[in-house]
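The values are calculated or read from the model by the stated rules, or taken from the named source; none is laboratory data. Model, not experiment: these values are computed from the prediction. Virtual Cβ from ideal backbone geometry, glycine too; neighbours counted across all protein chains shown. For the accessible areas, the whole protein counts, side chains as well, though only heavy atoms, and no ligand, DNA or RNA atoms are used. Shrake-Rupley method; radii C 1.70, N 1.55, O 1.52, S 1.80 Å.
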Amino acid sequence: MDIIKLNAIPSTNDYLKELAVSNVLNDFTIVVAENQTQGKGQMGSVWQVEPSTNLTFSVLLGYGTFSVEDVFTLNVSIANAIHKVLLSFGLDMIRIKWPNDIMSYNKKIGGILIENQLKANGDIQSIIGVGLNVSQMNFDGLPQASSILKSHGVLVDKNELMIQIVTLFKEVVLNLEANKTNEWNYYHQYLFKKNIPVTFETINETKFTGMISDVNQLGQLGVLNEADDLIYYNLKEIKMLY
């Protein structure tokens, strides 16, 4: 795989996106930065990182590799790859929180941001951004954040972690149709707080107790409320209070 290593840039996703406009890049080209000054999360939120202690990288997935219907399956596949690699490093209590967070116990240690560009002919180009807190220890003002080292006392090699994640992700994506069912089953097996009563808050600040049932292929979260109604929510329509 082609790897572009940089010191400090605003966003690995933006850098790779701009690079792909003016250059012919191979699928699974990686841009990785020691310091990402304007990292992005879902829906315009900010991904904050401490320089040199964390892993921030983006991967290019080129045109025609998958269909529009499989857009959220990419999110599922990269989350699964991260989860499997972290387990291989001997880490436990790693879960995947809808839609894009990697959790260690009840703390967030990573996130995923996938930006898709749909072309007129129906082809899709995806920039897959991954952020993982590796050895950062200070999370002042971020009570729900942690790192691999802080949560588990294990110092992992950032480059080895990245290579293993992308290698595993590549194996799945290159034969996505055949792997799809297994990927979704794995995702649901390790879905954070699945089938556990949790307090949720809707977009209009209404709180209720419910249980996560599943995530559908549109990326909507299925929640079973106290009246036994299964309702599916889009991103930002609901948040979990934990």
With a cap of 16 neighbouring Cβ atoms within 10 Å, and only residues DSSP puts in a loop, list the trypsin sites (Lys or Arg not before Pro) found in the range 62-125. LYS119
For the chain, what does the helix formula give at 222 nm: sum of -39500 (n - 2.57) over DSSP H segments with n ≥ 4, over the residue count, nearest 500 deg cm²/dmol? -8500 deg cm²/dmol
For each pair in LYS119/LYS158; LYS170/LYS236; LYS5/LYS170; LYS158/LYS207, compute the distance between the two Cα atoms and list the pairs where it is over 31 Å. LYS119/LYS158; LYS158/LYS207
Using a Förster distance of 25 angstrom, determine the FRET efficiency expected from the C-beta separation of ASP2 and HIS188, and round it to 0.05. 0.15
Longest segment of the chain lacking GluC sites (Glu not before Pro) that sit in a DSSP loop with at most 15 other Cβ atoms within 10 Å: 1-204
For the chain, with the dipole built from +1 on Lys and Arg beta-carbon atoms and -1 on Asp and Glu ones, taken about the Cα centre, which of PHE28, HIS152, ILE109 lies farthest toward the positive end? HIS152
How much space per residue, in cubic angstrom, does the convex hull of the C-alpha atoms of the chain take up? 130 Å³
Contact order relative to length for the chain, counting C-alpha pairs under 8 Å separated by 6 or more residues, stands in percent at 16 percent
What accessible area per residue comes out for the range 115-166, rounded to a whole number of Å², with a 1.4 Å probe? 45 Å²
Whole-Hz couplings from phi, Karplus 6.51/-1.76/1.60, listed for the range 145-151; x for Gly and Pro: 10, 7, 9, 4, 5, 5, 7
Residues meeting the amide H criterion for TYR190 (H placed from the backbone, H to H distance under 5 Å, 5 or more places apart or on another chain) are none
Using +1 on the beta carbon of Lys and Arg, -1 on that of Asp and Glu, and nothing else charged, what's the dipole of the range 51-176 about the Cα centre, debye to 20? 260 debye
Output the antiparallel fraction of DSSP beta bridges having both residues in the range 81-229, as a percent to the nearest 5. 90 percent
